[in-house]
Amino acid sequence: MSGVLHLHDTATGQIAPFTTREPNKVSMYVCGPTVYGPPHLGHGRFSLNFDVLRRYLEWSGYEVTYVSNITDIDDKIIERAASESRDPAEIAQRCEAVWWTAMDAIGVKRPTFSPHATEYVSDMVELIAELLERGAAYVAEGGVYFRPGVVDDYGLLARQSIESLRAGARVEVDDSKESPIDFVLWKLAKPGEPTWESPWGPGRPGWHTECVVMALDLLGEGFDLHGGGQDLAFPHHENERAQAVALGKRFAAHWAHNGFVETDGEKMSKSLGNFTNLLDLVESVDPRAYRMLCLQAHYRSPFEVTAATVGSAESSLGRLDGLARRLSGVTLPEVDPQADILDGFRERMDDDLDTPGAMAIVFTTVTRINTALDAGELLTAAGAAGALWSMLEAVGLDVREVGSPDDVPDVIAQLATARDTARAARDWAGADSIRDELTAAGWIVEDSVGGTAVRRP
Ligand SMILES: [Zn+2]
(Lines give C-alpha, C1' and ligand atoms only; values in the text may rest on other atoms or scores of the structure.)
Protein backbone atom coordinates (compact mmCIF):
# COMPACT_ATOMS: atom_id res chain seq x y z
CA MET A 1 0.00 0.00 0.00
CA SER A 2 3.06 2.21 -0.17
CA GLY A 3 2.67 5.61 -1.77
CA VAL A 4 -1.05 6.08 -1.31
CA LEU A 5 -2.73 7.24 1.85
CA HIS A 6 -5.27 4.70 3.07
CA LEU A 7 -7.89 5.81 5.58
CA HIS A 8 -10.67 4.13 7.49
CA ASP A 9 -14.06 5.26 6.21
CA THR A 10 -16.88 5.31 8.75
CA ALA A 11 -19.44 4.89 5.97
CA THR A 12 -18.05 1.51 4.88
CA GLY A 13 -16.21 0.40 8.02
CA GLN A 14 -13.23 -0.35 5.74
CA ILE A 15 -9.75 1.04 5.23
CA ALA A 16 -9.52 2.19 1.62
CA PRO A 17 -7.34 4.42 -0.59
CA PHE A 18 -8.07 8.09 -0.05
CA THR A 19 -8.93 9.53 -3.44
CA THR A 20 -9.51 13.20 -4.13
CA ARG A 21 -11.97 15.06 -6.33
CA GLU A 22 -9.19 17.09 -7.94
CA PRO A 23 -5.57 15.97 -8.36
CA ASN A 24 -3.23 17.26 -5.63
CA LYS A 25 -6.03 19.09 -3.84
CA VAL A 26 -7.89 18.09 -0.69
CA SER A 27 -11.12 19.67 0.53
CA MET A 28 -11.94 18.80 4.12
CA TYR A 29 -14.57 19.82 6.64
CA VAL A 30 -14.19 19.24 10.38
CA CYS A 31 -17.04 20.16 12.72
CA GLY A 32 -15.86 22.91 15.05
CA PRO A 33 -16.93 23.85 18.56
CA THR A 34 -20.17 25.18 20.00
CA VAL A 35 -18.79 28.20 21.81
CA TYR A 36 -20.42 28.21 25.24
CA GLY A 37 -17.55 27.17 27.56
CA PRO A 38 -13.85 26.41 27.68
CA PRO A 39 -12.50 23.78 25.26
CA HIS A 40 -12.02 20.37 26.85
CA LEU A 41 -9.61 17.57 26.03
CA GLY A 42 -11.95 15.99 23.47
CA HIS A 43 -11.90 19.26 21.51
CA GLY A 44 -8.13 19.24 21.70
CA ARG A 45 -7.96 15.70 20.42
CA PHE A 46 -10.11 16.12 17.31
CA SER A 47 -8.36 19.40 16.51
CA LEU A 48 -4.93 17.80 16.82
CA ASN A 49 -5.87 14.64 14.91
CA PHE A 50 -7.20 16.51 11.93
CA ASP A 51 -4.34 19.01 12.16
CA VAL A 52 -1.92 16.08 11.85
CA LEU A 53 -3.88 14.72 8.86
CA ARG A 54 -3.87 18.15 7.23
CA ARG A 55 -0.15 18.70 7.84
CA TYR A 56 0.69 15.23 6.58
CA LEU A 57 -1.33 15.83 3.39
CA GLU A 58 0.42 19.20 2.89
CA TRP A 59 3.80 17.59 3.56
CA SER A 60 2.88 14.97 0.93
CA GLY A 61 2.31 17.72 -1.64
CA TYR A 62 -1.44 18.35 -1.46
CA GLU A 63 -2.99 21.78 -1.32
CA VAL A 64 -5.53 21.52 1.50
CA THR A 65 -8.65 23.62 1.96
CA TYR A 66 -9.66 23.10 5.58
CA VAL A 67 -13.05 24.32 6.78
CA SER A 68 -14.05 24.20 10.45
CA ASN A 69 -17.13 26.01 11.64
CA ILE A 70 -17.98 27.92 14.81
CA THR A 71 -21.46 27.16 16.17
CA ASP A 72 -22.31 30.53 17.69
CA ILE A 73 -26.04 29.99 18.22
CA ASP A 74 -27.30 26.95 20.12
CA ASP A 75 -29.43 25.92 23.11
CA LYS A 76 -26.37 25.65 25.34
CA ILE A 77 -25.25 29.21 24.57
CA ILE A 78 -28.79 30.51 25.18
CA GLU A 79 -29.08 28.58 28.46
CA ARG A 80 -25.79 29.90 29.76
CA ALA A 81 -26.70 33.46 28.72
CA ALA A 82 -30.05 33.22 30.53
CA SER A 83 -28.50 31.84 33.70
CA GLU A 84 -25.91 34.63 33.78
CA SER A 85 -28.26 37.40 32.48
CA ARG A 86 -25.90 38.08 29.61
CA ASP A 87 -26.21 38.43 25.87
CA PRO A 88 -25.75 35.10 24.00
CA ALA A 89 -23.64 36.83 21.34
CA GLU A 90 -21.24 38.11 24.00
CA ILE A 91 -20.82 34.60 25.44
CA ALA A 92 -20.17 33.17 21.98
CA GLN A 93 -17.58 35.84 21.16
CA ARG A 94 -15.69 35.42 24.43
CA CYS A 95 -15.70 31.63 24.22
CA GLU A 96 -14.55 31.76 20.62
CA ALA A 97 -11.60 33.96 21.63
CA VAL A 98 -10.67 31.36 24.29
CA TRP A 99 -11.00 28.63 21.66
CA TRP A 100 -8.43 30.23 19.35
CA THR A 101 -6.08 30.88 22.28
CA ALA A 102 -6.21 27.16 23.12
CA MET A 103 -5.77 26.09 19.47
CA ASP A 104 -2.75 28.39 19.06
CA ALA A 105 -1.29 27.02 22.29
CA ILE A 106 -1.41 23.42 21.04
CA GLY A 107 -0.13 24.45 17.62
CA VAL A 108 -3.24 23.73 15.53
CA LYS A 109 -3.06 25.56 12.20
CA ARG A 110 -5.91 27.97 11.63
CA PRO A 111 -8.55 26.67 9.21
CA THR A 112 -8.64 28.09 5.70
CA PHE A 113 -12.22 29.12 6.52
CA SER A 114 -13.99 29.18 9.88
CA PRO A 115 -17.58 30.17 9.09
CA HIS A 116 -20.05 31.15 11.82
CA ALA A 117 -23.54 29.66 11.93
CA THR A 118 -25.10 33.11 12.39
CA GLU A 119 -23.61 34.25 9.05
CA TYR A 120 -25.47 31.48 7.22
CA VAL A 121 -29.01 31.69 8.57
CA SER A 122 -30.62 32.94 5.34
CA ASP A 123 -28.93 30.13 3.37
CA MET A 124 -30.22 27.64 5.93
CA VAL A 125 -33.76 29.02 5.57
CA GLU A 126 -33.48 28.48 1.81
CA LEU A 127 -32.27 24.90 2.27
CA ILE A 128 -35.12 24.09 4.69
CA ALA A 129 -37.67 25.56 2.26
CA GLU A 130 -36.33 23.30 -0.49
CA LEU A 131 -36.51 20.23 1.77
CA LEU A 132 -40.17 21.10 2.51
CA GLU A 133 -40.87 21.48 -1.20
CA ARG A 134 -39.41 18.03 -1.85
CA GLY A 135 -41.49 16.44 0.91
CA ALA A 136 -38.42 15.61 2.99
CA ALA A 137 -39.57 17.89 5.81
CA TYR A 138 -42.79 18.98 7.49
CA VAL A 139 -44.02 21.75 9.76
CA ALA A 140 -45.22 20.70 13.21
CA GLU A 141 -45.72 22.31 16.56
CA GLY A 142 -42.37 23.76 17.62
CA GLY A 143 -40.81 24.01 14.18
CA VAL A 144 -39.82 22.28 10.97
CA TYR A 145 -38.67 18.64 11.05
CA PHE A 146 -36.80 16.34 8.69
CA ARG A 147 -38.10 12.89 7.67
CA PRO A 148 -35.11 10.50 7.62
CA GLY A 149 -37.38 7.89 6.01
CA VAL A 150 -36.94 9.64 2.63
CA VAL A 151 -33.24 8.71 2.58
CA ASP A 152 -32.73 5.12 1.42
CA ASP A 153 -29.49 4.48 3.24
CA TYR A 154 -30.20 6.47 6.41
CA GLY A 155 -28.15 4.81 9.18
CA LEU A 156 -25.04 4.52 6.99
CA LEU A 157 -22.75 6.29 9.48
CA ALA A 158 -24.48 4.81 12.52
CA ARG A 159 -23.89 1.42 10.85
CA GLN A 160 -27.48 0.51 11.76
CA SER A 161 -30.72 0.12 9.83
CA ILE A 162 -33.35 2.82 10.04
CA GLU A 163 -35.69 0.29 11.71
CA SER A 164 -33.27 -0.38 14.54
CA LEU A 165 -32.60 3.33 14.94
CA ARG A 166 -36.34 3.92 15.16
CA ALA A 167 -36.76 1.15 17.71
CA GLY A 168 -33.92 2.54 19.83
CA ALA A 169 -34.96 6.21 19.69
CA ARG A 170 -36.27 7.88 22.78
CA VAL A 171 -39.89 8.98 22.46
CA GLU A 172 -40.53 12.27 24.17
CA VAL A 173 -43.82 12.77 25.97
CA ASP A 174 -44.98 15.96 24.30
CA ASP A 175 -43.52 15.06 20.95
CA SER A 176 -45.22 16.45 17.87
CA LYS A 177 -42.86 14.59 15.51
CA GLU A 178 -44.14 11.93 13.11
CA SER A 179 -41.34 9.57 14.16
CA PRO A 180 -38.90 9.69 17.09
CA ILE A 181 -35.89 9.80 14.72
CA ASP A 182 -37.11 12.95 12.93
CA PHE A 183 -34.87 15.91 13.72
CA VAL A 184 -35.46 19.62 13.91
CA LEU A 185 -34.42 21.90 11.04
CA TRP A 186 -35.98 25.12 12.32
CA LYS A 187 -36.83 25.76 15.97
CA LEU A 188 -39.55 28.28 16.68
CA ALA A 189 -38.35 30.77 19.27
CA LYS A 190 -39.44 30.85 22.88
CA PRO A 191 -39.84 34.28 24.46
CA GLY A 192 -36.57 36.11 25.06
CA GLU A 193 -34.48 33.96 22.68
CA PRO A 194 -32.44 35.37 19.79
CA THR A 195 -34.43 34.94 16.57
CA TRP A 196 -34.26 35.19 12.81
CA GLU A 197 -37.21 35.59 10.46
CA SER A 198 -38.45 32.64 8.43
CA PRO A 199 -41.58 31.64 6.49
CA TRP A 200 -42.50 29.42 9.48
CA GLY A 201 -42.19 32.12 12.12
CA PRO A 202 -39.29 33.66 14.03
CA GLY A 203 -36.79 31.11 15.31
CA ARG A 204 -33.37 29.65 14.66
CA PRO A 205 -31.86 26.80 12.66
CA GLY A 206 -31.14 23.37 14.13
CA TRP A 207 -27.48 22.38 14.52
CA HIS A 208 -27.48 19.68 11.83
CA THR A 209 -28.38 22.18 9.11
CA GLU A 210 -25.48 24.59 9.51
CA CYS A 211 -22.69 22.19 8.52
CA VAL A 212 -24.47 21.01 5.35
CA VAL A 213 -24.96 24.56 4.16
CA MET A 214 -21.43 25.71 5.01
CA ALA A 215 -19.67 22.61 3.68
CA LEU A 216 -21.51 22.76 0.34
CA ASP A 217 -21.02 26.53 0.05
CA LEU A 218 -17.30 26.58 0.84
CA LEU A 219 -16.18 23.19 -0.54
CA GLY A 220 -18.83 22.25 -3.09
CA GLU A 221 -20.54 18.95 -3.84
CA GLY A 222 -18.60 15.74 -3.41
CA PHE A 223 -15.89 17.33 -1.25
CA ASP A 224 -13.19 14.93 -0.13
CA LEU A 225 -13.43 14.37 3.59
CA HIS A 226 -15.70 15.13 6.50
CA GLY A 227 -14.34 14.54 9.97
CA GLY A 228 -14.93 14.96 13.65
CA GLY A 229 -14.98 13.14 16.96
CA GLN A 230 -16.59 9.70 16.99
CA ASP A 231 -19.57 11.02 18.99
CA LEU A 232 -20.53 13.15 15.96
CA ALA A 233 -20.93 10.28 13.49
CA PHE A 234 -24.49 9.75 14.69
CA PRO A 235 -26.76 11.62 14.75
CA HIS A 236 -24.96 14.82 13.68
CA HIS A 237 -23.11 13.65 10.58
CA GLU A 238 -25.81 11.18 9.61
CA ASN A 239 -28.32 14.04 9.67
CA GLU A 240 -26.08 16.43 7.77
CA ARG A 241 -25.66 13.81 5.07
CA ALA A 242 -29.38 12.97 5.00
CA GLN A 243 -30.27 16.58 4.15
CA ALA A 244 -27.78 16.70 1.28
CA VAL A 245 -28.99 13.33 -0.07
CA ALA A 246 -32.64 14.47 0.15
CA LEU A 247 -31.70 17.49 -1.98
CA GLY A 248 -30.11 15.22 -4.58
CA LYS A 249 -26.62 16.49 -3.78
CA ARG A 250 -23.37 14.61 -3.35
CA PHE A 251 -21.93 15.23 0.09
CA ALA A 252 -18.63 14.06 1.65
CA ALA A 253 -16.82 11.33 -0.31
CA HIS A 254 -15.07 10.06 2.81
CA TRP A 255 -15.85 10.06 6.55
CA ALA A 256 -13.20 10.00 9.30
CA HIS A 257 -13.83 9.94 13.05
CA ASN A 258 -11.44 9.90 15.97
CA GLY A 259 -11.74 8.04 19.28
CA PHE A 260 -12.47 9.35 22.75
CA VAL A 261 -10.20 10.77 25.41
CA GLU A 262 -10.53 9.05 28.74
CA THR A 263 -10.05 11.17 31.79
CA ASP A 264 -11.50 8.67 34.18
CA GLY A 265 -11.48 10.01 37.74
CA GLU A 266 -10.04 6.79 39.16
CA LYS A 267 -7.13 6.86 36.79
CA MET A 268 -6.44 10.56 37.05
CA SER A 269 -4.03 11.74 39.65
CA LYS A 270 -6.02 13.02 42.59
CA SER A 271 -3.07 15.15 43.56
CA LEU A 272 -3.03 17.05 40.29
CA GLY A 273 -6.75 17.34 39.72
CA ASN A 274 -8.42 16.45 36.47
CA PHE A 275 -7.10 17.89 33.25
CA THR A 276 -10.49 18.17 31.65
CA ASN A 277 -10.00 21.73 30.51
CA LEU A 278 -7.57 22.06 27.63
CA LEU A 279 -6.19 25.42 28.76
CA ASP A 280 -5.50 24.05 32.26
CA LEU A 281 -3.53 21.24 30.70
CA VAL A 282 -1.40 23.40 28.44
CA GLU A 283 -0.76 25.90 31.23
CA SER A 284 0.45 23.25 33.66
CA VAL A 285 2.53 21.12 31.28
CA ASP A 286 4.50 21.50 28.05
CA PRO A 287 1.75 22.32 25.48
CA ARG A 288 3.45 20.03 22.96
CA ALA A 289 2.80 17.08 25.28
CA TYR A 290 -0.84 16.81 24.19
CA ARG A 291 0.14 16.52 20.51
CA MET A 292 2.71 13.89 21.50
CA LEU A 293 0.01 11.95 23.41
CA CYS A 294 -2.31 12.07 20.40
CA LEU A 295 0.49 10.89 18.11
CA GLN A 296 1.43 8.01 20.38
CA ALA A 297 -2.14 6.65 20.19
CA HIS A 298 -3.89 5.58 17.01
CA TYR A 299 -6.47 8.23 16.10
CA ARG A 300 -9.35 5.74 16.20
CA SER A 301 -8.38 4.30 19.61
CA PRO A 302 -9.27 5.85 22.93
CA PHE A 303 -6.44 7.10 25.09
CA GLU A 304 -6.03 8.14 28.69
CA VAL A 305 -4.82 11.46 29.91
CA THR A 306 -3.22 10.88 33.31
CA ALA A 307 -0.27 12.47 35.05
CA ALA A 308 1.72 9.38 34.05
CA THR A 309 0.85 9.51 30.33
CA VAL A 310 1.44 13.27 30.20
CA GLY A 311 4.75 12.86 32.05
CA SER A 312 5.80 10.15 29.64
CA ALA A 313 4.92 12.38 26.66
CA GLU A 314 7.04 15.16 28.19
CA SER A 315 9.93 12.71 28.60
CA SER A 316 9.63 11.81 24.89
CA LEU A 317 9.77 15.51 24.02
CA GLY A 318 12.84 15.76 26.26
CA ARG A 319 14.61 13.19 24.04
CA LEU A 320 13.87 15.25 20.92
CA ASP A 321 14.92 18.51 22.57
CA GLY A 322 18.05 16.87 23.96
CA LEU A 323 19.07 15.78 20.48
CA ALA A 324 18.30 19.24 19.05
CA ARG A 325 20.60 20.75 21.69
CA ARG A 326 23.32 18.27 20.91
CA LEU A 327 23.07 18.94 17.17
CA SER A 328 23.14 22.70 17.69
CA GLY A 329 26.78 22.30 18.73
CA VAL A 330 27.77 20.19 15.70
CA THR A 331 28.41 21.30 12.11
CA LEU A 332 26.94 18.57 9.91
CA PRO A 333 27.72 18.12 6.21
CA GLU A 334 24.93 19.00 3.78
CA VAL A 335 23.31 15.81 2.55
CA ASP A 336 19.83 14.72 1.50
CA PRO A 337 17.50 13.34 4.17
CA GLN A 338 17.97 9.58 4.40
CA ALA A 339 15.34 8.15 2.02
CA ASP A 340 14.76 4.76 3.67
CA ILE A 341 13.81 6.46 6.95
CA LEU A 342 11.27 8.69 5.18
CA ASP A 343 9.93 5.71 3.21
CA GLY A 344 9.32 3.81 6.44
CA PHE A 345 7.63 6.83 7.98
CA ARG A 346 5.38 7.31 4.94
CA GLU A 347 4.46 3.66 4.93
CA ARG A 348 3.25 3.91 8.54
CA MET A 349 1.36 7.17 7.98
CA ASP A 350 -0.24 5.88 4.76
CA ASP A 351 -1.59 2.89 6.69
CA ASP A 352 -4.60 4.69 8.17
CA LEU A 353 -2.37 7.26 9.89
CA ASP A 354 -0.49 4.81 12.06
CA THR A 355 1.11 7.60 14.09
CA PRO A 356 2.30 5.27 16.90
CA GLY A 357 4.26 3.34 14.25
CA ALA A 358 5.50 6.58 12.69
CA MET A 359 6.65 7.88 16.09
CA ALA A 360 8.50 4.63 16.73
CA ILE A 361 10.48 5.40 13.56
CA VAL A 362 11.07 8.95 14.83
CA PHE A 363 12.58 7.65 18.08
CA THR A 364 14.62 4.93 16.38
CA THR A 365 16.03 7.74 14.25
CA VAL A 366 16.91 9.76 17.37
CA THR A 367 18.89 6.76 18.66
CA ARG A 368 20.53 6.30 15.26
CA ILE A 369 21.68 9.95 15.19
CA ASN A 370 23.04 9.82 18.75
CA THR A 371 24.93 6.61 17.98
CA ALA A 372 26.37 8.12 14.77
CA LEU A 373 27.45 11.26 16.64
CA ASP A 374 29.11 9.13 19.34
CA ALA A 375 31.05 7.32 16.61
CA GLY A 376 31.91 10.55 14.79
CA GLU A 377 29.99 9.41 11.68
CA LEU A 378 28.78 12.83 10.65
CA LEU A 379 27.50 11.86 7.20
CA THR A 380 25.19 9.24 8.69
CA ALA A 381 24.10 11.63 11.42
CA ALA A 382 23.35 14.35 8.85
CA GLY A 383 21.21 12.13 6.62
CA ALA A 384 19.23 10.80 9.56
CA ALA A 385 18.84 14.29 11.08
CA GLY A 386 17.44 15.60 7.79
CA ALA A 387 14.86 12.80 7.82
CA LEU A 388 14.05 13.48 11.49
CA TRP A 389 13.30 17.18 10.98
CA SER A 390 11.17 16.34 7.97
CA MET A 391 9.11 13.75 9.90
CA LEU A 392 8.60 16.16 12.79
CA GLU A 393 7.41 18.82 10.36
CA ALA A 394 4.91 16.35 8.87
CA VAL A 395 3.25 15.79 12.25
CA GLY A 396 3.61 19.37 13.50
CA LEU A 397 6.04 18.78 16.39
CA ASP A 398 8.46 21.58 17.26
CA VAL A 399 11.73 20.90 19.03
CA ARG A 400 13.58 23.26 21.32
CA GLU A 401 17.25 23.64 21.90
CA VAL A 402 16.89 25.15 25.37
CA GLY A 403 17.06 23.52 28.81
CA SER A 404 19.20 20.64 30.02
CA PRO A 405 18.76 16.92 29.40
CA ASP A 406 18.26 16.36 33.11
CA ASP A 407 15.33 18.76 33.37
CA VAL A 408 12.44 17.28 35.27
CA PRO A 409 9.14 18.12 33.52
CA ASP A 410 6.77 20.26 35.59
CA VAL A 411 4.14 17.56 35.90
CA ILE A 412 6.71 15.14 37.34
CA ALA A 413 8.06 17.73 39.79
CA GLN A 414 4.50 18.41 40.95
CA LEU A 415 3.90 14.70 41.51
CA ALA A 416 7.10 14.44 43.57
CA THR A 417 5.92 17.34 45.75
CA ALA A 418 2.47 15.74 46.06
CA ARG A 419 4.14 12.52 47.27
CA ASP A 420 5.99 14.46 49.98
CA THR A 421 2.74 16.10 51.06
CA ALA A 422 1.04 12.70 51.25
CA ARG A 423 3.92 11.27 53.30
CA ALA A 424 3.88 14.23 55.68
CA ALA A 425 0.17 13.55 56.23
CA ARG A 426 0.97 9.84 56.80
CA ASP A 427 -1.17 8.99 53.74
CA TRP A 428 0.98 5.99 52.81
CA ALA A 429 -1.48 4.60 50.26
CA GLY A 430 -1.63 7.97 48.51
CA ALA A 431 2.17 8.28 48.55
CA ASP A 432 2.52 4.77 47.10
CA SER A 433 0.05 5.42 44.32
CA ILE A 434 1.96 8.58 43.33
CA ARG A 435 5.21 6.58 43.36
CA ASP A 436 3.53 4.11 40.99
CA GLU A 437 2.50 6.94 38.69
CA LEU A 438 6.04 8.28 38.61
CA THR A 439 7.45 4.84 37.90
CA ALA A 440 4.86 4.29 35.16
CA ALA A 441 6.00 7.57 33.59
CA GLY A 442 9.53 6.15 33.39
CA TRP A 443 11.20 7.77 36.41
CA ILE A 444 13.25 6.26 39.22
CA VAL A 445 11.94 7.44 42.59
CA GLU A 446 14.28 7.80 45.57
CA ASP A 447 13.89 9.18 49.07
CA SER A 448 16.43 11.85 49.77
CA VAL A 449 17.05 14.24 52.66
CA GLY A 450 15.13 16.93 50.80
CA GLY A 451 12.15 14.61 50.09
CA THR A 452 11.22 12.67 46.93
CA ALA A 453 13.96 12.76 44.30
CA VAL A 454 13.40 11.57 40.71
CA ARG A 455 15.89 10.75 38.02
CA ARG A 456 15.86 9.10 34.63
CA PRO A 457 16.90 5.43 34.55
ZN1 LIG B 1 -21.10 19.68 12.02
Practice item. Summarise the accessible area of segment 12-78 (1.4 Å probe, protein heavy atoms) by the percent that is carbon and sulfur. Key: 48
Exercise for review: Working from Cα positions, state the angle (0 to 90°, nearest 10) between the long axis of helix 355-374 and the longest principal axis of the chain.
Suggested key: 20
Revision key, fill the gap. For LYS76, the aspartates and glutamates lying under 19 Å Cα to Cα, once residues fewer than eight places off in the same chain are dropped, come out as GLU84, ASP87, GLU90, GLU96, GLU119, GLU193, GLU210, ASP231
Check your understanding: Which of the peptides 328-341, 88-101 is most tightly packed, and how do the rest follow, going by the mean number of other Cβ atoms within 10 Å of each residue?
Key -> 88-101, 328-341
Check your understanding: Going toward the positive end of the dipole of segment 35-162, with +1 on Lys and Arg Cβ and -1 on Asp and Glu Cβ, which of GLN160, ALA92, LEU48 do you reach last?
Key -> LEU48
Revision key, fill the gap. Rounded to the nearest 5, the percent of antiparallel DSSP beta bridges in the chain equals 55
Practice item. Mind ranking 132-140, 222-230 by how tightly packed they are, going by the mean number of other C-beta atoms within 10 angstrom, highest first? Key: 222-230, 132-140
Review point. If you wrap a convex hull around the C-alpha atoms of the chain and split its volume per residue, what is the figure in Å³?
Key: 169
Point to revise | Positive dipole terminus of the chain, leading residue within THR71, THR306, PHE260 (C-beta point charges) | key: THR306
Check your understanding: Principal axis lengths of segment 373-440 from Cα atoms, whole Å, largest first?
Key -> 56, 29, 21
Check your understanding: For segment 176-225, with only Lys/Arg (+1) and Asp/Glu (-1) charged at the beta-carbon, what is the dipole magnitude about the Cα centre, in debye rounded to 20?
Key -> 320
Study note, to complete from the structure: Checked segment 168-235 with the C-alpha gyration tensor, a ≥ b ≥ c its square-rooted eigenvalues, rounded below a/c of 1.5, otherwise prolate if a/b is larger than b/c and oblate if not; verdict oblate
Check your understanding: What size of dipole, in debye to the nearest 20, comes out for the chain about its Cα centre when the only charges are +1 on Lys and Arg C-beta atoms and -1 on Asp and Glu C-beta atoms?
Key -> 520
Study note, to complete from the structure: Rounded to whole angstrom, the alpha-carbon centroid of segment 92-150 lies from that of segment 6-65 at a distance of 19
Exercise for review: Jot down the per residue volume, in cubic angstrom and as a whole number, of the convex hull over the alpha-carbon atoms of segment 55-206.
Suggested key: 175
Check your understanding: Dipole magnitude of segment 350-457 about its Cα centre, charges +1 at Lys/Arg Cβ and -1 at Asp/Glu Cβ only, in debye to the nearest 20?
Key -> 440
Check your understanding: Per-residue ellipticity at 222 nm for the chain, helices alone: DSSP H runs ≥ 4 residues times -39500 (n - 2.57), over residue total, nearest 500 deg cm²/dmol?
Key -> -14500 deg cm²/dmol
Revision key, fill the gap. Carbon plus sulfur, as percent of the 1.4 Å-probe accessible area of segment 138-192, comes to 50
**Study point:** Cα centroid separation, segment 191-213 to segment 292-352 (Å)
**Key:** 46
Exercise for review: Compute the long axis of helix 121-133 from its Cα atoms, compare it with the longest principal axis of the Cα atoms of the chain, and write down the angle in degrees, 0 to 90, nearest 10.
Suggested key: 50
Practice item. Output the Cα-based Rg and Dmax of segment 121-267 in Å, rounding Rg to one decimal and Dmax to a whole number. Key: 16.1, 53
Study note, to complete from the structure: Heavy-atom accessible area per residue of the chain, all protein chains kept, 1.4 Å probe, expressed in Å², is 44
Check your understanding: Order of 386-399, 188-201 by packing, highest average Cβ count within 10 Å first?
Key -> 386-399, 188-201
Point to revise | Helix 307-328 vs. the chain, principal-axis angle (Cα, 0 to 90°, nearest 10) | key: 60
Check your understanding: Where Rh is the Kirkwood radius over the Cα pairs of segment 282-347, the temperature 10 °C and the viscosity 1.306 mPa s, what D in µm²/s does Stokes-Einstein return?
Key -> 111
Exercise for review: Find the relative contact order for the chain and round it to a whole percent, using C-alpha pairs within less than 8 Å whose residues are 6+ positions apart.
Suggested key: 17
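The values are calculated or read from the model by the stated rules, or taken from the named source; none is laboratory data. All of these numbers come straight from a predicted model, not from anything done at the bench. Reconstructed Cβ throughout: ideal geometry from the backbone, glycine too, with neighbour counts over all protein chains shown. Accessible surface is based on the protein model in full, side chains and every heavy atom, while ligands, DNA and RNA are left aside. Shrake-Rupley method; radii C 1.70, N 1.55, O 1.52, S 1.80 Å.
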